[in-house]
């Protein structure tokens, strides 16, 4: 895993934003869970697709 990759940093930024919005009260826990789950799934799919294309 490359911690400096654009995919990783973008996923981290979106999750941090969702955390901040949950803390402030802009979103509820269900929306936070869906957001984090979607970001993690998109990150994994992006990594698998990139590995498939480069091989």
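What angle do you read, to the nearest 10 degrees and between 0 and 90, between the alpha-carbon axis of helix 6-24 and the longest principal axis of the chain?
The helix 6-24 is inclined about 10 degrees to the chain.
Helix-only mean residue ellipticity at 222 nm, the chain, DSSP H runs n ≥ 4 weighted -39,500 (n - 2.57), per residue, nearest 500. What is it?
Calculated at 222 nm, the ellipticity per residue is -28500 deg cm²/dmol.
Please work out the FRET efficiency for the pair residue 19 and residue 51, using the Cβ-Cβ distance as r and a Förster radius of 35 Å; give the result to the nearest 0.05.
Once the sixth-power term is evaluated, E becomes 0.80.
Could you put 53, 40 in order, starting from the residue whose Cβ has the fewest other Cβ atoms within 10 Å?
With the fewest neighbours first, 53, 40 line up as 53, 40.
Pairing the Cα long axis of helix 29-54 with the longest principal axis of the chain, what angle in degrees results, from 0 to 90 and rounded to the nearest 10?
The helix 29-54 is inclined about 10 degrees to the chain.
Work out the P(r) tail for the range 6-54: percent of alpha carbon pairs separated by more than 13 Å, whole number.
For the range 6-54, the share of Cα pairs beyond 13 Å comes to 58 percent.
Using a Förster distance of 25 Å, how high is the FRET efficiency between residue 6 and residue 34, based on the Cβ-Cβ distance and rounded to 0.05?
0.60
For 10, 54, what ranking results if the residue with the fewest other Cβ atoms within 10 Å of its Cβ goes first?
Listed from fewest to most nearby Cβ atoms, that is 54, 10.
Readers should treat all values here as calculations from the given coordinates under stated rules, not as data from a laboratory. Not measured: the values here are computed from a predicted model. Quick reminder, even Gly has a Cβ in these numbers, built from the backbone with ideal geometry, and neighbours come from all protein chains shown.
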